[in-house]
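Take a look at the structure below.
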Amino acid sequence: MVKNTWRKNVEEVISRFSRLFNIEAVIVFGSWTRSGGGEWSDVNVLIIGSVSHLSPLERFKLVVEYKPPRTDIFLYTYEELKNMFRRGNSLAISALAEGIPIKISKRVKELINQAKHYYVRRGSIWIDKRYKTY
């Protein structure tokens, strides 16, 4: 029952936001991909789309207005996601390394491959394997 809600929420997110802008990628991440989530878990959805013309405040308003209940949406352009990943942002790394791609472009898939190659999770933090600090 809960898993059906998860799928329904993601389908609703894609449907709503694809009417507003071009979606390049949709990735579900967080507790739903690590442990199956639970009755009280929100579904975390990363959307990569053509939103560079929107200010952060306009994006926030869209997310609040269009998101289904119990869904957290993170809305970025590809360039923003790439920069977040290169800076070691844990949200970007979690989504890319552990997420379930629902819709994916070739260049986002390349970022996913890099995240899985370079990072390993140790508890709640991500370690960059290139620095051999673990």
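The values are calculated or read from the model by the stated rules, or taken from the named source; none is laboratory data. Note that the structure is a prediction, hence the values are computed from the model and not measured. Don't worry about glycine lacking a Cβ; one is built from the backbone with ideal geometry, like all the others, and counts go over all protein chains shown.
Points to keep in mind about this one:
- Set side by side, the residues Leu81, Leu62 differ, and just one is touching a helix residue (DSSP H, G or I) at 6+ places or on another chain (Cβ under 7 Å) and either closer than 18 Å to Ile27 by Cα or touching a residue at least 40 places away in the same chain (Cβ under 8 Å) (or both), which is Leu81.
For (1) surrounded by 15 or more Cβ atoms within 10 Å (Cβ to Cβ); (2) of a type in the set (S, T, N, Q); (3) within 25 Å of His117 (Cα to Cα), each residue gets a yes or a no:
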{"residue": "Arg16", "(1), (2), (3)": "yes, no, no"}
{"residue": "Ile23", "(1), (2), (3)": "yes, no, no"}
{"residue": "Ile27", "(1), (2), (3)": "yes, no, yes"}
{"residue": "Ser41", "(1), (2), (3)": "yes, yes, no"}
{"residue": "Ile47", "(1), (2), (3)": "yes, no, yes"}
{"residue": "Asp72", "(1), (2), (3)": "no, no, no"}
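- Test set (1) farther than 25 Å from Trp6 by Cβ; (2) at pLDDT 95 or above; (3) surrounded by fewer than 17 Cβ atoms within 10 Å (Cβ to Cβ) - Gly88 fails condition number: (2)
- Counting the residues of segment 54-68 that are among the aliphatic types (A, V, I, L, M), surrounded by 13 or more Cβ atoms within 10 Å (Cβ to Cβ) and assigned to a helix (DSSP H, G or I) gives 2.
- Of the residues making up segment 82-134, those that are more than 22 Å from Val13 (Cβ to Cβ) and in a loop (DSSP other than H, G, I, E, B) are Arg87, Gly88, Gly123, Ser124, Lys132, Thr133, Tyr134.
- Candidates in segment 114-134 are the residues that are more than 15 Å from the chain's Cα centre (by Cα) and closer than 23 Å to Leu75 by Cβ; of these, the one that is modelled with the highest pLDDT is Gln114.
For (1) over 30 Å from Arg122 (Cα atoms); (2) modelled with pLDDT of 95 or more; (3) not basic (Lys, Arg), each residue gets a yes or a no:
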residue	(1), (2), (3)
Val10	no, no, yes
Asn22	yes, yes, yes
Arg34	no, no, no
Gly37	no, no, yes
Trp40	no, no, yes
Ser50	yes, yes, yes
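- Scan of segment 93-134 for residues that are of a type in the set (Asp, Glu) and without any contact (Cβ under 8 Å) to a residue 60 or more places away in the chain, ordered by number: Glu110, Asp128
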